[in-house]
Amino acid sequence: MRPELFQAAVDTLLTAIRVEFARGTSAACRRTAHLLHSIDTTISTEPVQPMSSHDTPCCLPDSILELLQTVSPVPTVTGIAALTQDLQWHESARSHTPYSQLIGPTGLIKHQSFRVGLFALIPDIDYADHAHPADEVYIVLAGSGSWSLDGGPFQVKRAGDIIEIPSMMTHAMRTGTTPALTVYSWNGDDVSLDHYRFC
């Protein structure tokens, strides 16, 4: 895709993502929507780097590509499907799942104190309890998965559902045979991985 078309497509996608976060009620959702509206979204000339040096480049698995072709109540999915081949994806060494950083210190759009990206939970994944200083919000865009917050029971979340996770709250995710595609944001005083830990 030509650079100017790619920039326009990313801007359109970020606008749709901002609308999704604006539906949330938490301070983290409001902060994310505000930042998406106010920051410079010019794509950096510096290459995208993984969030962790242990993460590796990858392609989206067939299960997620198939999910992008299904009908979702969340309009954002259409914009993602159009950009799938142009976005850079990495497999997390922590969760063994693919992600694409749209905004962040090493993302497509550089920002030192804010992260937004796409995170795919492949089928039959079990992402163990973990915590980090950043306030985190997930919005399920397609498919379904289950989240456990603060040691509580797993609750199924489907397209359109918002999961709000305050700083240092323990949380875990898992899927069954159906994968999930989400958009996430990290914001707050520390969006680094320096104090990320499994519990």
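Here 79, 107 are screened, and the one residue that is at pLDDT 95 or above, surrounded by 15 or more Cβ atoms within 10 Å (Cβ to Cβ) and not aliphatic (A, V, I, L, M) is 107. Return only the number of the condition from (1) out of contact with any helix residue (DSSP H, G or I) (no Cβ under 6 Å at 6 or more places or on another chain); (2) free of Cβ contacts under 8 Å to residues at least 24 places away in the same chain that residue 18 does not satisfy. Every listed condition holds for residue 18 apart from (1). How many residues are assigned to a strand (DSSP E or B) and farther than 27 Å from residue 81 by Cβ if we restrict to the stretch 168-199? Number satisfying all stated conditions: 4. One residue stands out among those in the stretch 110-135 that are over 22 Å from residue 68 (Cα atoms) and in contact with a helix residue (DSSP H, G or I) (Cβ under 7 Å, 6 or more places away or on another chain): the one that is surrounded by the most Cβ atoms within 10 Å (Cβ to Cβ), which is 135. Taken together, the criteria place residue 43 among residues that are in contact with a Pro (Cβ under 9 Å, 6 or more places away or on another chain), farther than 30 Å from residue 125 by Cα and surrounded by 14 or more Cβ atoms within 10 Å (Cβ to Cβ). Could you say whether any residue in the stretch 181-189 is surrounded by fewer than 16 Cβ atoms within 10 Å (Cβ to Cβ) and not β-branched (Val, Ile, Thr)? Among the residues of the stretch 181-189, at least one is surrounded by fewer than 16 Cβ atoms within 10 Å (Cβ to Cβ) and not β-branched (Val, Ile, Thr), which makes the answer yes. Taken over the stretch 147-167, the criterion of being part of a loop (DSSP other than H, G, I, E, B), more than 20 Å from residue 70 (Cβ to Cβ) and within 18 Å of the chain's Cα centre (by Cα) is satisfied by 166, 167. I'd like to know if the stretch 61-73 contains one or more residues that are of a type in the set (Gly, Ala, Ser) and touching a helix residue (DSSP H, G or I) at 6+ places or on another chain (Cβ under 7 Å). Within the stretch 61-73, none of the residues are of a type in the set (Gly, Ala, Ser) and touching a helix residue (DSSP H, G or I) at 6+ places or on another chain (Cβ under 7 Å).
Within the stretch 84-106, track down each residue that is hydrophobic (A, V, I, L, M, F, W, C) and under 15 Å from the mean Cα position of the chain (by Cα). Correct list: 87, 89, 102, 103. Hey, does the stretch 78-92 have a residue that's farther than 23 Å from residue 171 by Cβ and touching a Lys or Arg at 6+ places or on another chain (Cβ under 6 Å)? The answer is no; no qualifying residue exists.
Restricting attention to the stretch 1-40, the residues being in contact with a strand residue (DSSP E or B) (Cβ under 6 Å, 6 or more places away or on another chain) and surrounded by 16 or more Cβ atoms within 10 Å (Cβ to Cβ) number 8. Out of the residues in the stretch 62-119 that are of a type in the set (Gly, Ala, Ser) and part of a loop (DSSP other than H, G, I, E, B), state the one that is farthest from residue 133 (Cα to Cα). Across the stretch 62-119, the extreme among qualifying residues is 72. Of the residues examined, residue 164 is one that is in contact with a Cys (Cβ under 9 Å, 6 or more places away or on another chain) and of a type outside the set (Gly, Ala, Ser).
The values are calculated or read from the model by the stated rules, or taken from the named source; none is laboratory data. The model shown is predicted, which means the values in this text are computed figures rather than measured ones. We place every Cβ from the backbone using ideal geometry, glycine too, and count neighbours over all the protein chains shown.
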